Amino acid sequence: MAKNKNNQSVWSSRIKKKKNSFFDKIGSSINVDKRLYKEDINCSLVHVDMLFKQKIISFKVKNKIFFGLNKIKNEIIKKKYIFKAEDEDIHMSIEKRLHEIIGDDAGYIHTGRSRNDQVVTDLKVWMKKSTNEIIDSLKSLQKTFLKLAEKNVYSIMPGFTHLKNAQPISLSHYLTAYIEVFERDKKKFKDNLRSLNENPLGVAALSGTSFNLDRNFTTKKLNFLKPTRNSIDTVSDRDFVVDFIYAASMCSMHISRLSEELIIWNSDAFELIELNDKLVTGSSIMPQKKNPDSLEYLRGQTGIIYGNLVSMLTILKGLPLTYFKDLQDDKKIIFETFDNLKTCILLLNEILRNIKFNKKKMAELAETGFLTATDLADYIVRKLNYPFRKSYNITAKLVNYCDQNKKSFKDLKIKEIKKIEPKLNEDVLEIFDLKRSVDSKKSLGGTSFDNIKKMLKNYKKELK
Ligand code: ARG
């Protein structure tokens, strides 16, 4: 518990208890929230500046507090500051140290402010910065996808549905799909900035304060867009915490899906990619193994982030208005979620920057499984003016014929095709060409080379 220079706790005049009680140890959050020291000091500086501007404190007191807080900041930066568990949290710790440095004038710092609005202000400032960091790292991930896509417009691979070969696509089209995926994640994080931009400072404990505070002043100085509107809601609201973890969960789910896909591609059965040696691990007994542990790590982290989402929702579900100690754990959850997600995005980026696509294997795989069957059915509709269902059946018969005779479409002679549909002629053979198939998908958003090249230009502009 925080104590003043006479070694008394800040609230010792009311609560009489022995030093170092069991609960004081458990209830202390300083080891977690010391991470907010910069935000805490900056918010205090702004609050004190406002108190002076409003003539609530004198110039002399303001200067003393500024001096003390800046000294504390330096001590922490230079690692000369001692964080003590008994100081309960970062706010009490700094207040106590301020008292040691400047004496009783330190007490003015809590004029018109409670820890309830203080903690939520610190947290929002920290989360704004961290949200922007996540957005930036997602952007850099998208740029990696873009670079890979630019190199692979003409690399053909099978597109899968149900993990079965479905239709030929450009590898570049596949890669840009993930630019879209992570664009949605970025948007979620950006949307969250709206609530993170509402300033809680100045609502005090729950009901506001009788001091003539200027909340618009602190709003501006702390780079918020506007003050929150209801003091009661302000100190109990942690929706922005849930929003952040939800966005992180979605992003992490996307990373996990991609990881799973790459694990499959990396398997000996598929062999579509090769991971860099620095991103795989060996087996303790099987000397030949190179395991895709980095991707498995990414897939696993998703579980931890989902867990945090459920933890936070559960912490909130039983809380009436306004502040309760339960809320203290929001920081542990947020920090862990942020660290985890940031690391995952960086790791994924590293994996992709070092990935090798086995283009030969992709092309070979695309030649198996009758990937141009839909093209053939479409062709018959156009050429012979048949209803789609009829041409679908003719195509299915050809596939069955090939299956029974261990042939691919490309092995077929026109004679064999005519046995199934006599009205077809030689031109039909062109339909089995994979590049032609890819390039024919010119519908908006489709895989044709022109579409892709246009999209790549757009992405390049957007991701500048
Ligand atoms: N350490 C506390 C937290 O993080 C700060 C707020 C304390 N407020 C209070 N009324 N006990 O939630």
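For Lys325, give me every one of the aspartates and glutamates with a C-alpha distance below 18 angstrom, ignoring sequence neighbours fewer than eight places off in its own chain.
Asp24, Asp33, Glu86, Asp87, Glu88, Asp89, Asp117, Asp122, Asp233, Asp237, Asp239
Which trypsin sites (Lys or Arg not before Pro) in segment 56-131 sit in a loop by DSSP (not H, G, I, E or B) and have at most 12 other Cβ atoms within 10 Å of their own Cβ? Write down the numbers at each step before the final one.
Details: sites: Lys60, Lys62, Lys64, Lys71, Lys73, Lys78, Lys79, Lys80, Lys84, Lys96, Arg97, Arg113, Arg115, Lys124, Lys128, Lys129; in loops: Lys78, Lys79, Lys80, Lys84, Arg113.
Answer in residue order: Lys78, Lys79, Lys80.
Please report His91, His162, His254 as a ranked list, fewest other C-beta atoms within 10 angstrom at the top and most at the bottom. Before the final figure, lay out each step's value.
Working: His91 26, His162 6, His254 18.
Fewest-to-most ranking of His91, His162, His254: His162, His254, His91.
Under 13 Å between alpha carbons, and skipping anything fewer than 8 positions from Lys190 in its own chain: which aspartates and glutamates qualify?
Counting by Cα, and skipping residues close in sequence, Lys190 has these aspartates and glutamates nearby: Glu133, Asp136, Asp243.
Give a quick list of trypsin sites (Lys or Arg not before Pro) in segment 359-424 that DSSP marks as loop, anything other than H, G, I, E or B, with at most 15 other Cβ atoms within 10 Å.
Lys406, Lys407, Lys413, Lys423
Pop out the ³J(HN,Hα) list for segment 38-43 in order, Karplus 6.51 cos²θ - 1.76 cosθ + 1.60 with θ = phi - 60°, rounded to Hz; leave Gly and Pro as x.
The phi angles translate into 5, 4, 5, 5, 5, 5 Hz.
Could you work out the local net charge near Leu148, counting Lys and Arg as +1, Asp and Glu as -1, over the other residues with Cβ closer than 11 Å to its Cβ?
+4
Just the Cα atoms of segment 319-464: what Rg and Dmax do they give in Å?
Computed over the Cα atoms of segment 319-464, radius of gyration and Dmax are 25.7, 81 Å.
Students often forget the sequence filter, so: which lysines lie under 18 Å Cα-Cα from Lys188 once same-chain residues fewer than 8 apart are removed?
Reachable lysines: Lys124, Lys128, Lys129, Lys139, Lys342.
Enumerate the calculated ³J(HN,Hα) couplings along segment 239-255 in order (Karplus 6.51 cos²θ - 1.76 cosθ + 1.60, θ = phi - 60°), each rounded to whole Hz, writing x wherever the residue is Gly or Pro.
Rounded to whole hertz, the list is 4, 5, 5, 4, 4, 5, 6, 5, 4, 5, 5, 4, 4, 5, 4, 5, 4.
7 Å from Cα along Cα→Cβ at both Asn132 and Lys453: what's the point-to-point distance in nm?
Label-label distance for Asn132 and Lys453, simple model: 3.9 nm.
Run the numbers for Phe324 and Asp239: contour at 0.36 nm per residue of separation, minus the present Cα-Cα distance, in nm.
Numbers: separation 85, 0.36 × 85 = 30.60 nm, distance 1.49 nm.
The Phe324-Asp239 span can extend by a further 29.1 nm.
For segment 70-95 and segment 335-400, write down the distance between their C-alpha centroids in whole Å.
Using only Cα atoms to place each centre, the spacing works out to 57 Å.
To the nearest whole percent, what portion of all C-alpha pairs in the chain is separated by more than 34 angstrom? Could you put the intermediate results ahead of the total?
Values: 56184 of 107416 pairs.
Distances greater than 34 Å cover 52 percent of the Cα pairs.
Of Lys407/Lys435; Lys78/Lys332; Lys53/Lys186, which pairs sit farther than 31 Å apart, going by alpha carbon to alpha carbon?
On the way: Lys407/Lys435 20 Å; Lys78/Lys332 24 Å; Lys53/Lys186 39 Å.
Violating the 31 Å Cα-Cα cut-off are Lys53/Lys186.
What is the percent of Cα-Cα separations in segment 105-164 that go past 20 Å? Each step should come with its number before you reach the end.
On the way: 1121 of 1770 pairs.
Counting every Cα pair in segment 105-164, those more than 20 Å apart make up 63 percent.
Measure up Lys38/Lys317; Lys34/Lys221; Lys226/Lys461; Lys164/Lys441; Lys60/Lys331 against 25 Å on the Cα-Cα distance and list the ones that go over.
On the way: Lys38/Lys317 31 Å; Lys34/Lys221 23 Å; Lys226/Lys461 32 Å; Lys164/Lys441 20 Å; Lys60/Lys331 35 Å.
Long pairs (Cα-Cα over 25 Å): Lys38/Lys317; Lys226/Lys461; Lys60/Lys331.
Using every Cα-Cα pair within segment 93-192, state what percent have a distance larger than 16 Å. Write down the numbers at each step before the final one.
Values: 3557 of 4950 pairs.
Here the long-distance tail beyond 16 Å is 72 percent of all Cα pairs in segment 93-192.
Quick one: which residues, 5+ away or cross-chain, put their amide H under 5 Å from the amide H of Gly159? H built at 1.01 Å from N.
Those qualifying (amide H under 5 Å, at least 5 residues apart or on another chain) are Ala166, Gln167, Ile169.
Give the distance, in whole Å, between the Cα centre of segment 420-464 and the Cα centre of segment 28-63.
61
Quick one: check the C-alpha center-to-center distance for segment 110-126 versus segment 265-322, whole angstrom.
Going from one Cα centre to the other spans 36 Å.
Throughout, read-outs are computed from the coordinates displayed, never taken from laboratory work. Note that this is a predicted model, so its numbers are computed, not measured. Positions of Cβ are backbone-derived with ideal geometry, glycine not excepted, and every protein chain shown enters the neighbour counts.
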